[in-house]
Amino acid sequence: MKKPRIILTNVLVFIITGTIALLGVPLWAMTIGFDTTEVIVAICLFYFTGMSITAGYHRLWSHKTYDANIVVRVILAIGGAMALQNSILHWSSDHRVHHRHVDNNERDPYSAKRGLWFAHIGWMLREYQSHRYDDYSNCRDLQKDAVVVWQHKYYLPIVLTANFGITGLLGWLNGDVLSMMLFAGVFRLFLVHHVTFFINSLAHYWGSQPYTDKNTARDNGILAFFTFGEGYHNYHHIFEYDYRNGIHWWQFDPTKWLIKGLSFVGLTSNLRQVPEERIEKARAAMQLQKTSAKLAAIPDADELLVKVQQEYDLLVQKMTAYYEAKKRLMAIRKRHLTRSVERLEIDFHYKELKHALALQKEKWLQLQSLAPQFA
Ligand SMILES: [Zn+2]
Ligand SMILES: [Zn+2]
């Protein structure tokens, strides 16, 4: 079968930036060297452009997980263009298709089932059928955002001005334009390219599946560290409308911290969050599935299988009761009924249910740790 036509511009961009980053920059470092300012600028621009993709292109525009003030949107649009990953409109359109048809080799533009190389970079090198051009019908909402329209229209001038202008100016101020452009320009661009591409490639291959196994997406703390928090990709694929990817406080998700931080000064708002109950239930369902599969593979485990199912049903029941009570408690707190009998009763009931759920969770965990011993 004849291979689709090569996209020369993309191929050249990756070859040129890759060669400079992997050969030119080390050579320059060994002979002339980079100074501290250049390293600091490169790190700052790495975070600025990388997080313009994750907080802007991804969580703001592709998934609408929060709203942002126009100043924030303009800054993210410039940073995103500086990361050289096509316009917001194009990127978001591809990404929405990726979520909708994940792992479908005909429709997902970067389907991980077509191999690690394809999902990482291969999909951008040829005119594959799964890749659509100028069809932005799944992004009509974004076409109403003046910043998105402006960035799409003037994409190339913005890319050139941001990449050459910002690094050039900073290099001039620091006394060496070429050196700054090499390190904070090309090397930084190369790094941002590949760490963000990891989200399409490695984050669909390497890691755990605590929430769903209906697609290849994985949760991986190590990847999250390099991808501005996007390594919690299993969670993201099941709950894509959540502004967080790492939902626990100890998970590394600087993109979430940035969005939340900006909300304190009123620059972002309407941060969308999936209710805890749905998250917990998704995780429990996955645990049931995994434990049952392990037990099903061994003989005479029927009794244990029934027990696992019973305890799971009880767990879900207790979760429902607990979250229901929590909702009622929140509602009554809003009404400021501090010392009423009704408040005391609801408080007591809530605490009881919370304790019952904690006990059931413990039991559930013990049961799961038992399963491998039988397997
Ligand atoms: Zn994905
Ligand atoms: Zn996404």
Segments classed as helices (runs of 4 or more DSSP H), wholly inside the stretch 65-128, with at least 1 members that are over 19 Å from THR227 (Cβ atoms) and either of a type in the set (Gly, Ala, Ser) or within 16 Å of ligand 2 (Cβ to nearest atom) (or both): 70-82, 88-100
Among residues of the stretch 98-117, those that are among the aliphatic types (A, V, I, L, M) and within 11 Å of ligand 1 (Cβ to nearest atom), counted: 2
Residues of the stretch 238-254 satisfying the condition of being assigned to a loop (DSSP other than H, G, I, E, B) and within 16 Å of ligand 2 (Cβ to nearest atom): PHE239, GLU240, TYR241, ASP242, TYR243, ARG244, ASN245, GLY246, ILE247, ASP253
Residue in the stretch 284-304 that is at pLDDT 95 or above, of a type in the set (Val, Ile, Thr) and part of a helix (DSSP H, G or I) present: no
Subset tally (residues that are assigned to a loop (DSSP other than H, G, I, E, B) and either more than 14 Å from ligand 2 (Cβ to nearest atom) or not assigned by TED's automatic domain parsing to the domain that holds VAL102 (or both)) for the stretch 221-237: 0
Residue within the stretch 201-220 that is in a loop (DSSP other than H, G, I, E, B), within 15 Å of ligand 2 (Cβ to nearest atom) and more than 24 Å from GLN289 (Cα to Cα) present: yes
Qualifying residues in the stretch 67-98 (those that are charged (D, E, K, R) and free of Cβ contacts under 8 Å to residues at least 60 places away in the same chain) - the one farthest from ASN215 (Cα to Cα): ASP94
Selection within the stretch 99-130 - closer than 16 Å to ILE7 by Cα, in contact with a Lys or Arg (Cβ under 7 Å, 6 or more places away or on another chain) and touching a residue at least 60 places away in the same chain (Cβ under 8 Å): ARG126, GLU127
Near pairs, Cβ below 9 angstrom, 6+ apart or cross-chain, from the stretch 21-36 (in contact (Cβ under 8 Å) with a residue 12 or more places away in the chain and more than 9 Å from LEU182 (Cβ to Cβ)) to any residue that is assigned to a loop (DSSP other than H, G, I, E, B) and not small (Gly, Ala, Ser): ILE32/ASP176; ASP35/ASP176
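The values are calculated or read from the model by the stated rules, or taken from the named source; none is laboratory data. Note that this is a predicted model, so its numbers are computed, not measured. Glycine also receives a Cβ, built like all others from the backbone with ideal geometry; neighbour counts cover every protein chain displayed.
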